[in-house]
Structure formats: C-alpha cells, structure tokens
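What follows is one structure encoded as structure tokens, with my remarks underneath.
Throughout, read-outs are computed from the coordinates displayed, never taken from laboratory work. Everything numeric here is computed off the predicted structure, so don't read it as measured data. Positions of Cβ are generated from backbone atoms using ideal geometry, with glycine treated the same way; all protein chains shown enter the neighbour counts.
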Amino acid sequence: MRFPSLRAPFDLLFFTFCIALTADVLGPEIWGHGKTKDYPLWFWAGQQVLHGTGLYPADPAGYFDYIYPPLPAVLLAIPTFFGKIPLYLCLLVLNCIAWWMVGQLSHAMAGSGRKPGPWLEALPGCLTVTFVIDIFDLGQPNLVLLAMMLSGFWLLRSGRLWLAGGMFALATAIKVFPVAVLPYLIWRRRWGAVAGMAVFLVLFLFVVPAPFRGFERNAAELKVWYHGMIETSSVEGFGQRAEQNWSSVNQSIIAVSHRLLRRVNYNQDDPHRPPRYMNVVDLDFATVNWVIVAVCLLIGIGYIAVIPPAWLRTVKSDAEEIAILFCLMTVASPLARQYYFMWLFFPIAVLAHRATFDPRPMVRTGTWVALAAACVLLGFSLPLYPIELQAYGNNLAATFLLIAALVWHIVRSPPKEGGPTLPPAPGALQAGVTSNQ
C-alpha cells in the first residue's frame with residue numbers, strides 16, 4: 001500500500017479535499033456557533049459514558065437520541081475526554097485515513113492484475129466525492145466501515161480468517177447493516193471467518209463495554225437498544241426515525257418498494273413540503289413486506305446462481321462477486337441514505353479496471369457506457385434535480401445497473417481467463433494478488 005505523495009497531482013487534490021472538509025467541520029466549532037449534524041451527538045454519547053449516565057431511555061418505545069450499540073459510545077468516550085475539538089479532529093482524521101485506504105484496497109483487490117495509472121486510480125474517488133462530502137459534513141462512520149470491510153476481505157484473501165471475521169464484527173458492532181456479510185461467509189464456507197465474526201461480536205457487544213458500563217448495565221442497554229431499533233416495525237416506520245423511513249432520502253429496497261406499492265408520503269421528513277405520493281398500487285403493509293421478502297429471496301438466489309463454484313473462482317471473479325455483495329449490502333439496509341452509497345466505490349473501481357484492461361474492445365466500451373449511465377443516475381441526487389427522481393430511487397437504480405454490469409463480467413469472462421485463485425505471499429498488497437481458497 002503506497003502512501004500519498006506531495007509530488008503526485010491527484011494526491012495533492014486528495015490532501016486539499018481533506019483539509020477543506022476538515023476546515024468545514026472545525027471552522028464553525030472554533031469561530032462560529034458550533035458544528036451541527038451528528039457531531040454534537042457523538043460528543044454527548046461519549047460524555048454519557050464518561051459520566052456513567054444512560055445512553056437509551058428506559059422504555060424501548062421511547063425516543064432514542066443515540067441509535068447505535070453501546071460500543072461506539074465507549075470508543076467515542078476516549079477522545080471526548082479531551083473536549084469537542086479533539087473528538088471532531090479524531091473523527092476527521094479517521095475519515096481521511098479511511099478514504100485513502102478505501103482507494104488503495106479497492107484497486108489492489110480489483111482483480112485486473114494491472115497497476116492503475118493516476119487517472120484510473122483517481123476515478124472512483126472522483127465519482128463518489130459527493131458521498132464523501134456528505135459523510136464528512138454529517139460525521140457519519142460509513143466511510144470507516146467501508147475501509148473495515150475491505151480490510152476484512154483483504155485479510156480473508158490472505159488466509160487470516162479469524163482476523164477477517166474480527167474486522168467484519170467490528171463494523172457490525174458500530175453500525176448493524178454490515179452483518180449482511182455473514183450469509184456470504186457461510187455460503188463460501190469460510191468457517192474461520194464465521195467463527196471469528198461470532199466470537200468478536202460477543203467481545204465487542206458484551207465484553208469491551210462492560211468495564212466502562214458494567215456487565216449487567218451493558219446487557220440491559222443492549223436489550224433496550226435491540227427492542228427499540230431492531231424489533232420495531234409498523235405501518236408508521238421502523239427503528240427510531242420513522243419520518244425518514246418512507247421518505248425520499250431513503251433509497252433502500254424496502255423504502256422504494258413501500259413508496260411504489262403503498263400510499264406513503266415521501267415528503268414526510270420535511271413538514272414544510274406538501275404530502276406527495278408515487279405509488280402505482282395501494283397494497284396493505286403486510287402484503288408489501290411479503291413482496292419485499294420475495295424480491296430479496298429472488299435476488300439472493302440469483303446471486304448464488306451467478307457466482308462461480310469454489311473450484312472455478314479466479315482473482316477476477318472474486319473481485320466481481322465481492323463488488324456485487326457490497327452493492328447488495330448497501331441497498332438491503334432498511335435505511336440507505338445518500339452517504340450509504342459511498343459503498344459503491346469498490347464496485348465502480350472493479351468496473352473501471354474492466355473498462356480499462358479487458359482485452360475485448362467492445363466490452364471495454366460497453367463497460368464505460370454502463371459506468372457513465374450509473375453516474376448519471378447517481379447525479380440525480382444533486383439539489384438541482386427534482387426530489388421526485390430521488391423518491392423513485394435513482395441511487396437504487398444506479399446500484400442495480402452496476403450489479404448488472406458486474407454479473408455480465410462474471411458470466412462472460414474472457415476465453416483465456418486466468419486459473420483458480422491461490423494463496424498470496426504473506427503481507428503482499430498489490431494489484432492482481434491472488435486470493436485464498
């Protein structure tokens with residue numbers, strides 16, 4: 001993994017963005033009225049741990065200011081001890097490091113066997129920069145989670161299964177939706193990673209917070225969090241942010257399906273906008289949920305049918321099936337706001353490598369066309385376009401377009417594709433390193 005260089009123009013651009021995004025957060029806190037969005041919430045959660053006070057209401061039906069498991073609050077308490085600015089700076093530095101790591105790991109795992117040039121290396125970052133801006137501005141951890149998941153898959157391909165499982169568990173203990181990697185690990189029979197994920201999840205959820213919160217109190221808080229976040233689902237919504245569930249800001253499979261199949265107001269997150277509806281039919285809540293279950297089952301069966309059996313896997317097919325997995329994990333999350341689609345970085349990187357290095361000219365052209373069309377769809381989220389385009393799921397459509405392109409590359413590999421994957425040299429991190437069976 002190379003470090004950023006002040007002599008490389010795109011690396012300088014990366015530094016410039018990092019400095020600008022950091023200043024956008026710290027400036028209001030130092031010279032203005034304080035940074036808003038989620039940053040004050042992280043400080044509050046850390047303070048709750050430092051002072052030994054509660055993170056959640058006693059009643060799971062009550063309103064949760066903090067909607068994450070206890071572990072992130074415990075981790076936030078360390079920089080919070082030194083004040084708001086050190087906490088914010090710590091979160092910003094983590095995001096900057098994660099952004100760089102995501103780029104390096106994505107190209108190393110793209111499966112082309114070729115080192116990307118400066119333009120190719122910068123392309124996925126340029127196409128997803130709006131999501132990065134959103135993440136920095138809000139203070140959300142999705143970029144760090146993406147770096148963790150990519151690191152987990154790099155450890156997996158290096159044969160360090162327990163460490164890979166630990167990385168997946170850490171991401172899940174911070175924000176639950178990465179748990180969707182577990183069925184994939186089971187299907188691929190990566191039992192070491194499955195066991196590592198299970199053991200580390202217990203450690204991160206029950207053991208690590210216990211010295212700070214107490215075993216009994218931590219267990220009680222986990223129970224309240226589970227009932228208030230995971231078990232909550234009704235016509236009004238799920239979890240703790242019902243006003244976002246069916247609104248246009250949510251582009252998950254669940255939300256878009258409900259907006260299309262049930263009469264729900266996609267402007268409900270903004271009381272200043274009039275109610276708007278986009279449903280083509282008006283089914284009841286339970287029926288829509290059964291439709292979603294059927295659609296997800298079909299997608300899952302299709303994924304299993306497309307990915308090659310273990311003895312036919314290659315470096316290239318591994319990259320493509322993991323890229324599809326990242327797409328599915330993004331849109332399968334019940335709540336998929338704009339910044340969630342930062343996880344399309346890796347799928348875009350894989351397709352950019354195919355568009356650049358595939359030996360078939362027509363395939364290269366077709367892949368560039370698919371990437372361009374996906375980027376146009378993603379661009380409809382910008383404020384200059386009508387909100388109806390988001391309500392109909394422009395990001396969801398872009399994600400499925402990327403999936404379609406990746407599926408095509410899996411099933412239509414070049415005739416002289418390389419052989420099955422093999423264990424890489426220990427510690428190697430370079431484009432084209434083969435993966436572990």
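In terms of the Cα gyration tensor, with a ≥ b ≥ c the square roots of its eigenvalues, is region 1-130 rounded because a/c is under 1.5, prolate because a/b exceeds b/c, or oblate? Prolate, since a/c reaches 1.5 and a/b exceeds b/c. Past 24 Å, Cα to Cα: identify those pairs from K84/K175; K115/K316; K175/K223; K175/K316, in the order given. In this structure, K175/K316 lie more than 24 Å apart at Cα. In units of the compact-protein estimate 2.2 N^0.38 Å, region 346-409 shows a Cα radius of gyration of 1.20. Around the Cα centre of the chain, unit charges on the Cβ atoms of Lys, Arg, Asp and Glu (plus for the first two, minus for the last two) sum to a dipole of about 1260 debye. Distance from the alpha carbon centroid of region 250-295 to that of region 1-60 works out to 33 angstrom.
Under the rule a/c < 1.5 gives rounded, and otherwise a/b versus b/c splits prolate from oblate, where does the chain land using the Cα gyration tensor? Rounded shape, in that the Cα axes give a/c under 1.5.
In percent, rounded to a whole number, the relative contact order of the chain is 20, using alpha-carbon pairs under 8 Å and six or more apart. Exposure here means at most 13 other Cβ atoms within 10 Å; with chymotrypsin sites (Phe, Trp or Tyr not before Pro) in a DSSP loop as sites, the longest stretch of the chain lacking them is 83-276.
Listed by chain and number, the aspartates and glutamates whose alpha-carbon sits under 13 Å from that of K35, ignoring those within fewer than 8 places in the same chain, are D24, D137. Note on region 258-317: with charges restricted to the Cβ of Lys and Arg (+1) and Asp and Glu (-1), its dipole about the Cα centre is near 240 debye.
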